[in-house]
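The values are calculated or read from the model by the stated rules, or taken from the named source; none is laboratory data. Quantities reported herein were computed from a predicted structural model and do not represent experimental measurements. Don't worry about glycine lacking a Cβ; one is built from the backbone with ideal geometry, like all the others, and counts go over all protein chains shown. Heavy atoms of the whole protein, side chains included, go into the accessibility calculation; ligands, DNA and RNA do not. Shrake-Rupley method; radii C 1.70, N 1.55, O 1.52, S 1.80 Å.
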Amino acid sequence: MKRSILNDFSLQTTDFSSIGNLDDVAFVNEHFGMGLNVGAYRDNFIRMGQPYRFVEGRVLWVTDGSANFELTLEEYHIKKGDIVVLAPETIMELKSCSDDYNMMGIMYKEDISVTRNIIIHAGEEDWHETRRLAGILWDMARRKPFRQETVRLLVSAIISDIQHISRAEQEVHQTKQKSRQEETFGRFKRLVNEYCCQYRTIPFYADRLALTPHYLSTLIAKVSGRSVMYWINRATLIHAKVMLKSKDMLVSEVADRLSFPSQSAFGSFFKRETGMSPGEYQKAD
């Protein structure tokens, strides 16, 4: 599996051979991957400031340090003791991290239902409980021959347990419920992330939210301090960056997939947002 310069991070395209003592710290096959010391090898796979599409789902335990990243137009800070579940096809950009940032992680290809990303700060008991399950998974994954169904069930059990912890945490914090306007803003960002490659007009999103374009514009400006088009353009740019670095796509193909009327229109948009042309961004390290 040879990894080219791209922004897809998957079991199929990523070369893990750069990890020293691979058998001691990681296990990878076409169905499943697990690393015990991911932070030490982060620079081998992910560059700070570039968006990546995680093809498979992920479960991550932050074991040391802290990091800041952007996920579906939201910015997050994670630290030691946090657990993160990422659904397949998630786009994430690492913004910064401490020198001692480290984590243990699982990559799973199997079809396991994850309807939303989860980020929680686990209590000590929950942390050790999920880590014990991960330890069993690590031992089972390395058994020969590979027991695919057993591994799938263990991954599913770990995710189910984390989802249970997340629901319990939400119930504890019910008194801190978001306002209706904040909830609408969250729904708006999820819609933008889903549809920005095809639709970039205010009326489209207003209609999906059963609001007038004027009210949506006013609400978004009030809650976020930014315009509707800022969020639409920001999401479009993230998708454009991923495509430009993925699978050696031509600029014209990216423009077409993002529903721009022409390559020149896409080029003007990209240069306005980044200060460089799409071709220059493709060639940049």
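Details
- Close pairs from segment 104-130: first without any contact (Cβ under 8 Å) to a residue 24 or more places away in the chain and assigned to a helix (DSSP H, G or I), partner open to solvent by 20 Å² or more (accessible area, probe 1.4 Å) and not charged (D, E, K, R), Cβ under 6 Å, at least 6 apart: none
- Test for GLY49: is it modelled with pLDDT under 90 and within 20 Å of the chain's Cα centre (by Cα): yes
- Any hit, segment 56-76, residues being buried (at least 18 other Cβ atoms within 10 Å of the Cβ), assigned to a strand (DSSP E or B) and charged (D, E, K, R): yes
- Each residue in segment 188-245 was checked for being among the hydroxyl-bearing types (Ser, Thr, Tyr), within 17 Å of the chain's Cα centre (by Cα) and open to solvent by 30 Å² or more (accessible area, probe 1.4 Å), and 1 pass.
- Boolean, VAL84 is of a type in the set (A, V, I, L, M), at pLDDT below 90 and either within 15 Å of the chain's Cα centre (by Cα) or surrounded by 15 or more Cβ atoms within 10 Å (Cβ to Cβ) (or both): no
- Residue list for segment 160-179, filter: open to solvent by 40 Å² or more (accessible area, probe 1.4 Å) and modelled with pLDDT of 80 or more: SER160, GLN163, HIS164, ARG167, ALA168, SER179
- Test: residue in segment 250-263 that is exposed (fewer than 13 other Cβ atoms within 10 Å of the Cβ), over 25 Å from the mean Cα position of the chain (by Cα) and modelled with pLDDT of 95 or more: yes
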